[in-house]
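Trainee: One structure, pasted below without further comment.
The values are calculated or read from the model by the stated rules, or taken from the named source; none is laboratory data. Keep in mind that this is a model prediction, so the values were computed, not measured. Virtual Cβ from ideal backbone geometry, glycine too; neighbours counted across all protein chains shown. Note: areas computed on protein heavy atoms with side chains; ligands, DNA, RNA excluded. Shrake-Rupley method; radii C 1.70, N 1.55, O 1.52, S 1.80 Å.
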Amino acid sequence: MKYLPLFFLLSFTPFLSAQTDMDTPNTEKYAEDVASLDNILEALYASISGEKGEARDWDRFNHLFTKEARLIPTGKSNEGEVGYRIMSPQEYVERSGKWLEENGFYEVEIHREVAEYGSLVHVFSTYESYRSKTDETPFARGINSIQLLNDGKRWWVMHIYWLAETEALPLPTKYLPKN
C-alpha cells in the first residue's frame, strides 16, 4: 500500500503533449509518412533501408519520432548474458547510419500484430533483413516491438524495442506470415 500514494500523485501530474510539427524539420515534406499507422511503419522501414553506398534520409527518420523516443536493441552477449542498449533516434543514426550506408541494408516487415486502445498503439512487427533489395535470403530476422501515439493530428513513434532471432530462439509461428 505504500506505493499507492505515488501512483495517485503520478496520475494527476500534467501530461507532456506530443511535440508539434513545428518542432521538426520538413513537416510538409513528410506529412504523408505520419498520416496513418500503415504509412508511419512503411516510412520507418524505408528510412533505414537502401543499397550499399546509398545515403539514407535521416531527416525523414527523425521526423517519425517524439523528442523523448527511445530505440532499444536487446539480445545475448558472447558470454550468454541478456542485455540491452538504449538510444535516442539521433544516437541510432550516429551509431548505425554509416554502417547501414556502407554495407547495404533492407529491413522488410513480413508480419504485423496490432493492439490499440485510444491513442495507445502497440505493434509487434516481424522483420527480415537483407543486404540488398535483390537478395532472396535474409541474413537476419526478428521482432520490433513498436509503441506509437496518435495525437489526433499525426502518428508518432514513441519507442522501438527489438530482438533478433537466433538458433536458440526461433521466431514463433504466430508471428510469421500465414501461408
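Trainee: Given the DSSP H assignment, sum -39500 (n - 2.57) over each helix run of at least 4 residues in the chain and divide by its residue total; what's the result at 222 nm in deg cm²/dmol, nearest 500?
Mentor: It lands at -7000 deg cm²/dmol.
Trainee: Right, here's the next one. With a Förster radius of 30 Å, plug the Cβ-Cβ distance of E116 and N78 into 1/(1 + (r/R0)^6) and report the FRET value to the nearest 0.05.
Mentor: So the FRET efficiency works out to roughly 0.20.
Trainee: Just the number please: accessible area per residue for segment 109-152, 1.4 Å probe, all protein chains included, in Å².
Mentor: 54
Trainee: Got a sec? What order do I160, I72 fall in by accessible area at 1.4 Å, biggest, i.e. largest, first?
Mentor: The residues order as I72, I160, largest area first.
Trainee: Grab the other residues whose beta carbon is less than 9 angstrom from that of Y130, score K and R as +1, D and E as -1, and report the net.
Mentor: Result for the local shell: -2.
Trainee: Further question: What number comes out for the charge environment of H111, summing +1 per Lys or Arg and -1 per Asp or Glu over other residues with Cβ under 12 Å away?
Mentor: Summing Lys and Arg as +1 and Asp and Glu as -1 gives +1.
Trainee: Turning to a different aspect of this structure: Quick one: pull the percent of accessible area on segment 46-179 belonging to carbon and sulfur, 1.4 Å probe, ligands and nucleic acids left out.
Mentor: Answer for segment 46-179 is 50 percent, counting heavy atoms of protein chains only.
Trainee: Okay, next question. Over segment 58-145, with a single point scatterer placed on each C-alpha, what log10 of the ratio I(q)/I(0) does the Debye formula yield at q = 0.17 1/Å?
Mentor: -0.98
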